[in-house]
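Trainee: Below you will find the structure I want to go over with you.
The values are calculated or read from the model by the stated rules, or taken from the named source; none is laboratory data. Predicted, not measured: the structure shown is a model, and the values here were computed from it. Neighbour counts run over all protein chains shown; Cβ positions are idealised from the backbone, glycine included.
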Amino acid sequence: MPRNLFVSGIADQVQKRDLEDEFSKSGPIANIDVKVGFAFIEYQNDGDAEDAMQRLHNANFFGRVLRVEWGKNKEGTGGSVGYLGQNRVSSTGGGGDRLYVGNLPMECSR
């Protein structure tokens, strides 16, 4: 069964081919969907996706630190972790409102 990864922290100059070259070192890729600053990478099997996540999470790629986490599959499910790796808040239990903001410069304090 294919497994999706959510990759953030992608530098502006990175092209789809650059991601394909690096991530395919872990195994065959079924699909890559690149957006501005992030991408969804779908592997043909779970083991290759796991390898890529362990190998490339927090890796320096084109001068930026990649964040590689489990993404959702095409049906919109992905376990208990959402696109950004944040635990989902149950609709039946508290937790309050949360907003994830990532890829900020280190000197940013507010």
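The rows are residues; the columns are (1) of a type in the set (A, V, I, L, M, F, W, C); (2) at pLDDT below 95; (3) surrounded by 14 or more Cβ atoms within 10 Å (Cβ to Cβ).
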residue: PRO2; (1), (2), (3): no, yes, yes
residue: LEU5; (1), (2), (3): yes, no, yes
residue: LYS16; (1), (2), (3): no, no, no
residue: LEU19; (1), (2), (3): yes, no, yes
residue: GLU22; (1), (2), (3): no, no, yes
residue: SER26; (1), (2), (3): no, no, yes
residue: VAL36; (1), (2), (3): yes, yes, no
residue: ALA39; (1), (2), (3): yes, no, yes
residue: GLY71; (1), (2), (3): no, yes, yes
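Trainee: Another one. Only residues that are in contact with a Gly (Cβ under 9 Å, 6 or more places away or on another chain) and without any contact (Cβ under 8 Å) to a residue 12 or more places away in the chain: list them for region 43-57, please.
Mentor: none
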